[in-house]
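Down below is the structure, laid out as structure tokens.
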Amino acid sequence: MAAKAASEEKEAKPLRHGYTTGSCATATTKAALIALITQERQTEATIRLPIGEDVTFQMESCEFSPEKATAGTIKDGGDDPDATHGALILSTVEWSDQPGIILDGGVGVGRVTKPGLPVPIGEAAINPVPRKMIRETAQAVLDEYGTKRGIKIVISVPEGEEIAKKTLNGRLGILGGISILGTRGVVVPFSTAAYKASVAQAINVAKEAGCDHIVLSTGGKSESFGMAAYPELSEEAFVEMGDFVGFALKQCKRRNIRKVTLVGMMGKFSKVAQGVMMVHSKSAPVDFGFLAQMAEEAGAPQELIREILTANTASQVGDLMADTPAFFEIMCANCCRAALTEVGGGMEVETIIITMKGSQLGRVTINDTSDESNRDRG
């Protein structure tokens, strides 16, 4: 009993927040600037986050000379570490002959090469909120020490170019490293904010690139299938939406995308077919009763329906229904209709369901921009 109570207490323990790359860059800038002004090594820096919280960051390094100072901290992603968790974030501050504050990115910070992002082409991929945080924090330090001299701040991430390979940056046209991100300053465990922001940016980039047909996939395998299905589409047209189906669809509708193709597997799309638009395994379980209902509609025998009701996974149901293509057509059509309901209609939606091995199970298109609907059996 005691062990069970301890286990439950452990499960109930709140997840630890982490901090964004933008917060880390702000803290290192403050430490570097104070070191430059005072010519004293800084071991920590306290900054105010956009959410109004004061946080102290420990410095991993701090070096200075009369003309330049560099401070670094290790990015802590909390209990929801992302690709940048554990990365060293550096800020170098040096005196400038120009008045005011110049902010740029150095090694490992990407540079924007495509339109549709919140940062102009050619500039370092430091998003608006981190830019504001860094500039305001630096100005506050200059004011505190009564310094009128101009400064240049360069944010760098030594491992940034390698880390960026694990992100969507290349697809978004951010080359040479990671982005310095963050709107709240903190990373909430299992939060949707960072991923949703990347999905929204990817759709914006696709729109700016002239795409009117976007292929939304739940992961790498489904994206590869989508690319093979639509080789004529440009790279920007393919967006990994992850579990955020409803959000991605609404972003496409907001940007007046004419056609959306959804590509995914049985597990997640069995939920979409029911109208569940956030398909993380923790957010909604697979409804085997609903799968059995679709199987019955497809004409499956009662024995098979009973097997579906006692199945362990949606993939297992897919195997059971392998010889009943009508089942997958019904599911695809339900996904299309649920997607159109989510966005209020006015677009063409295609759903493609594939197996774990990457072969097609079903494919249906419903065009809600006219009175006709088109179904393609696969």
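Below, the figures for the structure above:
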| read-out | value |
| --- | --- |
| Count - residues of the stretch 179-208 that are modelled with pLDDT of 90 or more and in contact with a Ser or Thr (Cβ under 6 Å, 6 or more places away or on another chain) | 1 |
| Pick from the stretch 98-123, criterion among the small types (Gly, Ala, Ser) and closer than 17 Å to THR70 by Cβ, ranking: surrounded by the most Cβ atoms within 10 Å (Cβ to Cβ) | GLY105 |
| Only listed residue being touching an Asp or Glu at 6+ places or on another chain (Cβ under 7 Å), over 25 Å from LYS166 (Cβ atoms) and not charged (D, E, K, R), chosen from THR38, THR29, THR70, THR43 | THR70 |
| Selected residue (criterion: nearest to TRP95 (Cα to Cα)) from residues of the stretch 30-69 that are modelled with pLDDT under 95 and charged (D, E, K, R) | ARG48 |
| Residue match in the stretch 50-62 (condition: surrounded by 24 or more Cβ atoms within 10 Å (Cβ to Cβ) and assigned by TED's automatic domain parsing to the domain that holds GLU162) | no |
| Given (1) in contact (Cβ under 8 Å) with a residue 40 or more places away in the chain; (2) under 20 Å from the mean Cα position of the chain (by Cα); (3) farther than 15 Å from ALA339 by Cα, number of the condition ALA237 does not satisfy | (1) |
| 1 or more residues in the same structural domain as ALA229 (by TED's automatic domain parsing) and within 18 Å of ASP243 (Cα to Cα): qualifying helices (runs of 4 or more DSSP H) within the stretch 263-371 | 266-272, 314-320, 325-343 |
| Residue list for the stretch 209-234, filter: touching a residue at least 40 places away in the same chain (Cβ under 8 Å), in a loop (DSSP other than H, G, I, E, B) and of a type outside the set (Asp, Glu) | ALA209, CYS211, THR218, GLY219 |
| Residue satisfying all of: in the stretch 258-275; of a type outside the set (S, T, N, Q), in contact with a helix residue (DSSP H, G or I) (Cβ under 8 Å, 6 or more places away or on another chain) and over 27 Å from GLU208 (Cβ atoms); surrounded by the fewest Cβ atoms within 10 Å (Cβ to Cβ) among these | GLY275 |
| Unmet requirement for LYS75, which otherwise passes all of (1) more than 24 Å from GLY160 (Cα to Cα); (2) in contact with a Cys (Cβ under 7 Å, 6 or more places away or on another chain) | (1) |
| Which listed residue is charged (D, E, K, R), touching a residue at least 40 places away in the same chain (Cβ under 8 Å), out of contact with any Gly (no Cβ under 9 Å at 6 or more places or on another chain) and assigned by TED's automatic domain parsing to the domain that holds CYS62, from LYS114, LYS166 | LYS166 |
| Test: residue in the stretch 287-301 that is of a type in the set (Asp, Glu), touching a Cys at 6+ places or on another chain (Cβ under 8 Å) and modelled with pLDDT under 95 | no |
| Residue in the stretch 169-176 that is at negative phi, part of a loop (DSSP other than H, G, I, E, B) and modelled with pLDDT of 90 or more present | no |
| Conditions (1) more than 23 Å from GLY108 (Cα to Cα); (2) modelled with pLDDT of 95 or more: number failed by ALA27 | (1) |
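The values are calculated or read from the model by the stated rules, or taken from the named source; none is laboratory data. Keep in mind the model is a prediction, meaning the values are calculated, not measured. Cβ: placed from backbone, ideal geometry, glycine included. Neighbour counts: every protein chain shown.
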